[in-house]
Amino acid sequence: MVREVVRSVGFAGGCGLYVARGSRQATGIGRAPGRGVERVRDNRGEEEAGAGGEGGGAGGAPRGGAGALGTAREPTSSGDPCAENNGGCDAAPQAKCLARGGVVVSCGCPGGYEGDGRGDDGCVDIDECATDNGGCDMSPRATCTNRMGAAPSCKCLSASMGDGVGEDGCAPMSPTVAAAEMACGKYTCDEQTAKDPAAALTWQRVLPVTYDGCPGRYSPESGVPGDACTWEQAKAYCSGLGLASGGWRLPTREELLSIVDMTRADPSINLAAFPNTPSQGFWSDSTYAGSSEVVWRVYFGDGNSITVDADNTHRVRCVR
Ligand SMILES: [Ca+2]
């Protein structure tokens, strides 16, 4: 199971001066409320000179004081040196040009970037993952993926679960759940769904006792109402299924055949991935070429498929 959390990152416009002076920049790796304090990366280990240094010469700044920016430009006809070519500040990503007295004094990099902001490559993406695993869980159960100008994403590896953020962001699964995941073989399972990564399909994993909207019976001897659907009822059942946020449909014949396991019989399916599957027929969404009222269904007793009338009643397993 993999869960991903991508956290937002804001524009560090308020830190523009700080960035220009190369002293300190917020990384934008804010933690979730209540989970800790915002992290701030000190790029060069310098102390902030304090308010008021903006235009009055920043002693100790590596490239000269503010107001003496190497790329300072003469005032343009409009009087705003930032109006032309972004004042010589980096254009991609767009640095925030700040001018005083007709002279560019700083180029502030947007959030997620660092540098003096001047010229091409003046703002360089911060690799947040290089520090404290980007705010993700620092155990081997989590991975951090750097993103350009955006907060990194945290993922929990298989056999762990959580949002991946911060300490204990990825908790080990219980042995029972982990064992169930492992037993699913090529499928990635949770309690409700089985995902086939190769086919990019996610299946309804556990069948209901009764299908909503299906009053029919699979067979007279089954005795259980609602245990099977006509083809129209089956399509409506899937489209109305709210399981795991919905978005379900009847599978095509080929999709349904893809979960047949020919190494097994009665039923011909991986019961770890698809528990409680009966050896019975399941509807596909594929109609027979010779008649729109004749539909393909797959029989999971042996894995074959045949065509049947659409008003027959069969089981349903939805896909998305
Ligand atoms: Ca980044």
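Read the figures in this text as sums done on the coordinates, not as results from a lab. Fair warning: this is a prediction, and the values are worked out from it, not measured in the lab. Every residue, glycine among them, receives a Cβ derived from its backbone with ideal geometry; neighbour counts consider all protein chains shown.
Observations
- Cα gyration tensor, region 81-126 - rounded (a/c under 1.5), prolate or oblate: prolate
- Amide H contacts of G164 (H built 1.01 Å from N, in plane; Pro and chain starts excluded): C170 sit under 5 Å, all sequence-distant by 5 or more or on other chains.
- Set of lysines near K195 by C-alpha distance (under 19 Å), chain-local residues within fewer than 8 positions excluded: K155, K186
- Computed from the Cβ-Cβ distance with R0 of 41 Å, the FRET efficiency linking D190 to V124 stands at 0.55.
- Distance histogram for region 210-320 (every C-alpha pair counted, 5 angstrom bins, percent rounded to whole numbers): 2, 14, 22, 25, 23, 12, 3, 0
- Taking amide H positions as modeled 1.01 Å from N, with prolines and chain starts lacking one, the residues under 5 Å from V105 and 5 or more places away or on another chain are L98, A99, R100.
- In a reduced charge model with +1 at each Lys and Arg Cβ and -1 at each Asp and Glu Cβ, region 223-265 shows a dipole moment near 40 debye about its Cα centre.
- Order of V308, V316, V124, V209 - criterion: other Cβ atoms within 10 Å of each residue's Cβ, fewest first: V209, V124, V308, V316
- Cβ-derived FRET efficiency at R0 41 Å, R100 paired with M138, nearest 0.05: 0.45
- FRET efficiency, S279 to D309 (Cβ-Cβ, R0 22 Å, nearest 0.05): 0.55
- Placing unit charges on the Cβ atoms of the charged side chains and taking the dipole of region 191-320 about its Cα centre, the candidate lying farthest along the positive direction among Y288, P267, P197 is P197.
- Spatial separation of Cα centroids for region 115-143 and region 233-303, in angstrom: 46
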